[in-house]
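What follows is a short report on a single structure.
What follows draws every value from the coordinates through simple rules; no lab data is involved. Computed from a prediction, not measured in an experiment: that's the story for all the values here. Glycine gets a Cβ as well: all are built from the backbone with ideal geometry, and neighbour counts include every protein chain shown.
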Amino acid sequence: MDEVLRHPLGRTISEADNIWFTLLTGNTNQMHFNSAYAELSSFGRLLVNSGFTLALVLGLSVGDLSQNAVANLGFDNVRFTHPVFIGDTIWAESKILEKRESRSRHYAGIVTARTRGLNQRGEQCVDFRRTFMVYKRGADQLDAFPEPKQPFE
C-alpha cells in the first residue's frame, strides 16, 4: 500500500478566499484580515487561515479518495508545517495506510489515508491522517441517478 496518489488539481488561494473563510468561521485572529497588524509579525504579511488550508487540501483529495464516502470518521495528527500565504497554489497527495471491511455496515469499508498539502515550491504546508467510511463498488446507495422522463433525441 505504498502508492502515492497525486490529486490532479491545484488551487491558488486568493485574498477573497481567506477573508470569506475567516468571516464564515468567526475567526478573529487579525493575522488573517488586518494587513497592518500582520506586517508587524515575523511573517510580515497576512497568513492564510489554517482551517482553510486544511479544508482545501481535504477537498482536493475528495475526487480520488472519498467521492463516495458515507462519512468522515476522524482526523488525526494534523500538523501545519509551513505557512501559507495569499497567492500560494496548493496541491495535495495521499497515501492509503489501511483498508478494512466495516463491521456495522455490509455495504461499506473503512479507509485510513495520510494526506498532505504542498505549495507551488513543493514545501509541505499541512499533513494529516483521515479515516472515512466509503461505499463499496456496486452498493445500492451509489445508484441515485434519476431515470430521465424523456430520452435524448
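Quick look at the values:
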| read-out | value |
| --- | --- |
| Residue order, fewest to most beta carbons within 10 Å, for Thr112, Thr22 | Thr112, Thr22 |
| Label-point separation in nm, Ala55 to Glu147, each point 7 Å along Cα→Cβ | 4.0 nm |
| Spherically averaged projected area of the chain from its Cα convex hull (nm²) | 13.0 nm² |
| Partner aspartates and glutamates for Lys136 [C-alpha distance under 17 Å; skip if fewer than 8 residues away on the same chain] | Asp64, Glu98, Glu101 |
| Among Arg130, Arg105, Arg11: highest mean-square fluctuation, GNM of the chain, C-alpha pairs under 10 Å | Arg105 |
| Listed residues Ser66, Ser42, Ser50, most fluctuating in the chain (Gaussian network, C-alpha, under 10 Å) | Ser42 |
| Integer Hz, Karplus 6.51/-1.76/1.60 couplings in order for region 65-77, x for Gly and Pro | 10, 10, 4, 10, 6, 7, 6, 6, 9, x, 10, 9, 6 |
| Proximal aspartates and glutamates relative to Lys99, as straight alpha-carbon distance under 14 Å, when same-chain residues fewer than 8 apart are discounted | Asp2, Glu3 |
| GNM top mover of Gly117, Gly138, Gly63 - the chain, alpha-carbon springs below 10 Å | Gly138 |
| Theoretical FRET efficiency, 1/(1+(r/R0)^6), r = Cβ-Cβ of Leu24 and Asp2, R0 41 Å, to 0.05 | 0.65 |
